[in-house]
Amino acid sequence: MEIQETALKGCFILKPKVFEDNRGYFYESFNSATFERLTGMSGAFVQDNQSYSSYGVIRALHAQSGDHAQAKLVRVLQGEVLDVAVDIRPGSVTYGQHVAVRLSAENRLQLYIPRGFLHGFAVLSETAEFFYKCDNFYNKDAEQGFHLASPDLNIDWLIDEDKKVIAERDLSLPFFSIK
């Protein structure tokens with residue numbers, strides 16, 4: 001497994017070693033010992049989630065707060081998404097900055113998003129199956145989120161405005177402000 005740190009400290013892109021032959025392919029998608037050795041981050045996950053979405057769906061920008069904060073390891077099982085992580089850690093030198101990474105079944109990349117980050121993704125293919133591991137259990141009372149079109153974030157979701165499919169609850173979220 002190759003690991004590349006993004007411009008946001010603690011946020012990593014993981015690229016597995018893929019073994020292909022005439023039968024197909026095999027790869028180890030996650031190994032906690034290797035992950036911890038290469039990143040210095042915990043690889044203890046307690047909950048797996050999966051979603052299926054169509055082109056233009058944007059699921060954004062959410063996090064769990066306080067004691068319920070979650071680190072996530074995300075990947076695409078089918079299709080392609082633009083995955084976005086936003087640093088909202090108080091005092092961080094990259095507070096309010098984001099990374100956007102194309103994840104697909106074809107490139108097999110994964111993104112590790114540490115606690116203290118917002119997370120969202122946009123479906124770029126006809127459909128996509130999205131899978132993620134969380135290091136803490138979901139708690140409805142700890143939900144937080146910000147509007148995906150927050151001007152201070154200036155995220156290009158790579159979806160034309162008339163093709164975006166966004167949940168009403170995401171459209172009603174407050175705008176993020178760096179101030």
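Values quoted throughout were computed directly from the atomic coordinates according to the rules given, and no laboratory measurement underlies them. Because the structure is predicted, anything quoted here is derived from the model rather than measured. Virtual Cβ from ideal backbone geometry, glycine too; neighbours counted across all protein chains shown.
Numerical summary
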read-out: Label point distance in nm, Glu143-Ile178, each placed 7 Å from Cα along Cα→Cβ; value: 2.9 nm
read-out: Label zone at Arg89 (point 7 Å along Cα-to-Cβ), backbone N below 13 Å, the stretch 30-72; value: 40-42, 70-72
read-out: Whole-Hz ³J(HN,Hα) from phi, Karplus 6.51 cos²θ - 1.76 cosθ + 1.60, for the stretch 41-49, glycine and proline x; value: 9, 6, x, 8, 10, 10, 8, 10, 10
read-out: Rounded to whole Hz, the Karplus (6.51, -1.76, 1.60) HN-Hα couplings of the stretch 169-179, x for glycine and proline; value: 5, 6, 6, 8, 5, x, 7, 6, 10, 6, 4
read-out: Among Glu20, Glu129, Glu161: highest mean-square fluctuation, GNM of the chain, C-alpha pairs under 10 Å; value: Glu20
read-out: Entries in Lys140/Lys163; Lys133/Lys163; Lys9/Lys164; Lys9/Lys133 that, when Cα-Cα distance is taken, lie over 25 Å; value: Lys140/Lys163; Lys133/Lys163; Lys9/Lys164
read-out: For peptides 151-157, 113-119, 26-32, sequence by mean Cβ density within 10 Å, most packed first; value: 113-119, 151-157, 26-32
read-out: Taking the convex hull of Cα positions in the stretch 45-171, its mean projected area over all directions (nm²); value: 7.5 nm²
read-out: Lys, Arg +1 and Asp, Glu -1 on Cβ, resulting dipole of the chain about Cα centre, debye, nearest 20; value: 380 debye
read-out: Gaussian network model of the chain, Cα within-10 Å springs - most flexible of Asp67, Asp48, Asp21; value: Asp21
